[in-house]
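To start, the structure under review is shown below, and the notes come after it.
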Amino acid sequence: MIIDYEQIKKVGRFSLDCETSGLRYFDDLLGVSVGWQTESGFAVRWLNIREQSMDEIKSLLNPILSDPSLTWVNHNISFDARLLRRYGFDVKCKYFDTLIVAHLLDPYRENSLKELAKSVLGQESITYKELMKHYKVSNFLDLPVEEIEKYSRNDSVWPLQLYEIFQPLIKENNLQWYLDNIEFPYIDVVVEME
């Protein structure tokens, strides 16, 4: 099984991150990493357009994206939601954006995913631009497979780890109602406006 739907439904959330030909939402979709929590850690699957057709990728992802009982955890989720909708994915799940939460918890901190991984999770990583420059390639899919898998794994696992760390901080700062009723529901509005 490529994606463990039963485990995702059991925990109620998943992470999904899109890799594109550039850093803008209208660039080409190259692949998607999907992560979820298991009993022993995290599982991540990398799906790319060189190995699967867009219809195959949609058939794998739409069951979780279209399930309103599940929560999609991601960093800067509006980018990925807008991109997936442009490609015809059926996005109806709930959102949890670690960028929004990080900013609400500390607006003066650098809140990029790589910086949060370093400052909150103690993890180091290379940026997209650094990775492309290091390997002297212009297409993400021209990177060595192990680098693609490592990069995409981080982009899927780190938001899930931040989700766990942020939960008590959200409660401590009385942010749950605000997130559930203001910030996260309006992601769809932002996606439609942009």
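Quick notes on this structure:
- Residues Ser69 and Asn181, FRET efficiency given R0 of 30 Å [Cβ-Cβ distance, rounded to 0.05]: 0.95
- Spatially close lysines, pair count over the chain: Cα under 16 Å, gap of eight or more or interchain: 8
- Amide H contacts of Ser15: Gly35, Trp36, Val73, each under 5 Å away and 5 or more positions distant or on a separate chain (H built 1.01 Å from N in the peptide plane; Pro and chain starts excluded).
- Using R0 = 45 Å, the C-beta based FRET efficiency linking Arg50 and His103 works out to 0.80.
- Inter-label distance for Gln7 and Lys171, nm, one decimal - labels placed 7 Å from Cα along Cα-to-Cβ: 2.6 nm
- Estimated FRET transfer efficiency (Lys92, Thr127; beta-carbon r; R0 22 Å; 0.05): 0.10
- Calculated P(r) tail over 16 Å for region 27-87, as whole % of Cα pairs: 51 percent
- Loop-located GluC sites (Glu not before Pro) across region 3-84 with a Cβ neighbour count of 13 or fewer within 10 Å are Glu39, Glu51, with loop assigned by DSSP.
- In region 67-115, trypsin sites (Lys or Arg not before Pro) in a DSSP loop with at most 15 other beta-carbon atoms within 10 Å: Lys92, Arg109
- Rounded to 5, the percent of DSSP beta bridges in the chain classed as antiparallel: 65 percent
- Choice from Asn173, Asn76, Asn48 with maximal GNM fluctuation in the chain (Cα, 10 Å cutoff): Asn173
- Gyration tensor (Cα) of the chain, equivalent ellipsoid semi-axes in angstrom: 24, 20, 17
- Net charge in the neighbourhood of Tyr25 (other residues with Cβ under 12 Å of its Cβ; Lys, Arg +1, Asp, Glu -1) is 0.
- A convex hull fitted around the alpha carbon atoms of region 101-194 yields 130 Å³ per residue.
Throughout, read-outs are computed from the coordinates displayed, never taken from laboratory work. None of these values were measured; they are calculated from a predicted model. Every residue, glycine as well, gets a Cβ built from its backbone with ideal geometry; the counts of neighbours run over all protein chains shown.
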